[in-house]
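Novice: One structure follows; several queries about it will come next.
The values are calculated or read from the model by the stated rules, or taken from the named source; none is laboratory data. Values in this document were obtained by computation on a predicted structure and should not be read as measured data. Reconstructed Cβ throughout: ideal geometry from the backbone, glycine too, with neighbour counts over all protein chains shown. Side chains are part of the model used for accessible areas, which takes the heavy atoms of the whole protein and leaves out ligands, DNA and RNA. Shrake-Rupley method; radii C 1.70, N 1.55, O 1.52, S 1.80 Å.
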Amino acid sequence: LGLLYQEYRDKSTRQEIETRRLQDSQTDPEESSPGEETPSEAEPTNTTESKAPPQISLLRNSNSRFNLWQDLPEIRSSGVLSILQPDEIKLQEAMFELVTSEASYYKSLNLLVSHFMENERLKKILHQAEAHILFSNVLDVMAVSERFLLDLEQRVEENIVISDVCDIVYQHTVNHFSVYITYVSNQTYQERAYKQLLQDKPAFRELISQLELDPKCKGLSFSSFLILPFQRITRLKLLVQNILKKVEEKSDRETTALDAHKELETVVKACNEGVRKMSRTEQMISIQKKLEFKIKSVPIISHSRWLLKQGELQQMNGPKTSRTLRTKKLFREIYLFLFNDLLVICRQIPGDKYQVFDSAPRGLLRVEELEDQGQSLANVFILRLLENADDREASYMLKASSQSEMKRWMISLAPNRRTKFVSFTSRLVDCPQIQCVHPYVAQQPDELSLELADVLNILDKTDDGWIFGERLHDQERGWFPSSMGEEILNPKIRAQNLKECFRVHKSDDSQRRKLGSRNRQ
């Protein structure tokens with residue numbers, strides 16, 4: 001394959017965005033052509049230059065460059081395209097994309113190891129412990145990828161019409177993909193070690209820059225190679241989802257795809273938890289050191305507790321009758337630490353410390369937006385503690401710096417509060433949707449990182465350019481700038497996105513129903 005995985009993945013997601021744009025502009029989503037509905041991550045084929053190898057061999061023949069399954073010379077000459085139904089051709093493309101993308105991924109992993117990790121000069125610069133943190137178990141990950149790719153390739157070579165690939169995905173996920181959890185869980189240490197090495201070792205910094213300039217790397221950074229395993233395991237889940245959307249309902253292939261998707265979801269969640277656990281523990285220790293309790297002390301550090309949001313708000317002073325007084329002392333600063341199960345209310349004191357004067361369980365918080373009563377009371381809301389540190393009810397009138405900050409606090413403090421639009425889980429027939437056209441990295445705990453081509457339901461939005469969304473493929477929620485996406489205007493496309501999403505997650509729904517039934521009993 002001519003492309004490194006980073007290029008491969010970028011081409012695929014951008015093509016997916018363009019396909020959705022085209023569909024969104026049409027009255028009927030079925031009007032787009034099969035080629036447009038089956039975006040592939042591989043490099044476009046120049047049919048005048050490429051010659052077909054005697055058999056399909058993506059791993060052994062590194063010069064093969066195919067865009068679509070139906071472009072393979074073996075497929076074109078077989079006459080099978082005139083026999084298969086259009087839906088089956090789309091399914092073949094989806095399965096073939098999973099195989100070709102794994103070949104491209106393996107190529108990039110191989111370059112990470114041969115060009116960077118095994119560089120003799122780099123070995124002399126790095127201590128053994130530094131090299132271990134930087135590269136972790138990448139050799140195990142590469143070995144797993146090679147074994148997986150060989151099995152996929154063997155399946156492709158069995159018959160020009162691919163029978164299935166999700167059974168192979170399932171077997172490898174269950175038996176081998178735990179190596180991804182180990183690698184991704186090391187990510188926090190890896191990032192920190194890399195930054196430290198760039199700062200402390202000029203020889204390391206210079207060598208990495210030289211290696212990145214090599215034409216093999218195609219202008220890609222060393223760090224883009226280090227994050228490949230996490231990107232791949234997430235993408236693999238989406239590729240299986242794409243297959244699942246195209247297999248016939250209530251078929252063996254649907255069952256296999258659902259099983260593979262469920263196992264991949266387990267691995268991806270374990271990867272996410274591995275990353276979060278490390279950063280959360282350090283964050284909780286840091287916060288604990290900054291807090292001084294004016295009230296009865298509350299133990300902050302807990303294995304099941306993490307920070308959701310922190311920041312400064314303005315608390316209104318005096319009785320409600322003084323609300324219309326436009327004085328500088330109408331509001332005073334307070335600082336909130338909101339955890340997944342606890343709210344701590346503080347005032348900042350000298351020495352980067354915070355004095356805690358109230359707290360409440362998160363489940364006993366209620367919020368209420370205050371009607372705009374002039375500029376001094378814009379972006380004001382009421383926070384009620386049904387049971388505070390003194391075992392009594394308390395209310396705070398709080399002012400945020402902007403409309404988006406007010407809404408973000410209100411949704412974080414009371415997550416079950418109804419949003420402007422109804423969420424995916426309500427099974428609403430139509431809901432505003434947006435697709436991501438620019439990647440976004442979350443800057444705050446209540447924000448959501450976005451990948452290109454992500455599709456989200458819009459749950460709420462603000463006048464100052466923020467959206468609260470729920471991503472369809474994993475139901476993760478969070479805030480992001482509205483400039484990162486384009487709204488999907490065609491109601492048929494929105495309905496189609498929801499229908500596909502319900503199908504992908506129907507096994508999760510049945511599990512939730514069984515669990516709910518057991519709980520009621």
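Novice: Please list, in order along region 248-265, the HN-Hα scalar couplings obtained from phi with the Karplus expression 6.51 cos²θ - 1.76 cosθ + 1.60 (θ = phi - 60°), rounded to whole Hz, x for Gly and Pro.
Specialist: Going residue by residue, I get 5, 5, 6, 9, 4, 5, 5, 4, 5, 5, 4, 5, 5, 5, 4, 5, 5, 4 Hz, with x marking Gly and Pro.
Novice: Related question: Once you keep just the Cα pairs under 8 angstrom separated by 6 or more residues, what percentage relative contact order results for region 465-505?
Specialist: Over region 465-505, the number comes to 32 percent.
Novice: At 7 Å along Cα-to-Cβ for each site, give me the label-to-label distance between ASN317 and ASP463 in nm.
Specialist: 2.9
Novice: A further question follows. On the accessible surface of region 180-298, probed at 1.4 Å, how many percent belong to carbon and sulfur atoms?
Specialist: On the way: 3100 of 5940 Å².
After summing per-atom areas, the C and S share lands at 52 percent.
Novice: Moving on to the next point. What is the distance, in nm, between label points placed 7 Å from the Cα along the Cα-to-Cβ direction at GLU120 and at VAL174?
Specialist: Between GLU120 and VAL174, the label points sit 4.7 nm apart.
Novice: Where Lys and Arg each count +1 and Asp and Glu each count -1, what net charge lies around LYS290 among other residues with Cβ under 11 Å from its Cβ?
Specialist: 0
Novice: Per residue, what volume in Å³ does the Cα convex hull of region 212-323 take up? Kindly include the intermediate steps, with their values, before the conclusion.
Specialist: Working: hull volume 32.5 nm³, N = 112.
For region 212-323, the hull spanned by Cα atoms encloses 290 Å³ per residue.
Novice: So which lysines can LYS269 reach, going by Cα to Cα under 16 Å and dropping same-chain residues fewer than 8 places off?
Specialist: Correct list for LYS269: LYS237, LYS277.
Novice: Now for a different question. What distance in nm lies between label points placed 7 Å from Cα along the C-beta direction at ALA131 and GLN348?
Specialist: Computed distance between label sites ALA131 and GLN348 equals 4.6 nm.
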